[in-house]
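First up is the structure itself, then whatever we jot down about it.
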Amino acid sequence: QVQLVESGGGLAQPGGSLRLSCAASEIIFRGADMAWYRQAPGKQRELVAGLTRGESTTYADSVKGRFTISRDNAKNMVYLQMSSLKPEDTAVYYCYAYSRRSAEYWGQGTQVTVSS
């Protein structure tokens, strides 16, 4: 059973915006650290943005000021608002959870393509 499901990926123009969503099961979401990773072809998977259970945030230098991670605890959802998109942002984006039970979970990924 898939317990993290991403949505919202697609094609955007440079300078455009996309909002990614990650739906998590309550068992995973409650008390979990959440994050978004991305992986471009031929590249290592990299951390894009993180949001701890204490609600502190971290961002990759390449996305600071452009991306915002947030969570809605009532809906068991995590979001990644992406603005001022660049072609270099093209990748498969993955939702990640590190639960309070020290278990790791990955979503299936959603493709983001930034091109004119």
Exercise. Please list, or write none, the lysines whose alpha carbon is within less than 28 Å of the alpha carbon of K75, excluding same-chain residues fewer than 8 places away.
Key: K64
Quiz item: For the chain, what is the relative contact order in percent, using Cα pairs closer than 8 Å and at least 6 residues apart in sequence?
Solution: 37 percent
Practice problem: Can you send over the carbon and sulfur percentage of the accessible area for the range 43-105, probe radius 1.4 Å, protein chains only? | Solution: 44 percent
Self-check item: Residues of the chain: accessible area per residue with a 1.4 Å probe, Å²
Solution: 55 Å²
Quiz prompt | Mean ellipticity per residue at 222 nm, deg cm²/dmol - from DSSP H runs of n ≥ 4 across the chain, formula -39500 (n - 2.57) | solution = -500 deg cm²/dmol
Quiz item: What are the residues whose amide H is under 5 Å from the amide H of R30, where those residues sit 5 or more places off or on another chain and H is modelled from the backbone?
Solution: none
Quiz item: Along the range 99-116, what does the Karplus equation 6.51 cos²θ - 1.76 cosθ + 1.60 (θ = phi - 60°) give for ³J(HN,Hα), rounded to whole Hz, x for Gly and Pro?
Solution: 7, 5, 8, 6, 9, 10, 9, 10, x, 7, x, 9, 7, 10, 10, 10, 7, 8
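The values are calculated or read from the model by the stated rules, or taken from the named source; none is laboratory data. Quick caveat, the model's predicted, so the values are computed rather than measured. Just the protein is used for accessible areas: all its heavy atoms, side chains included, with ligands, DNA and RNA removed. Shrake-Rupley method; radii C 1.70, N 1.55, O 1.52, S 1.80 Å.
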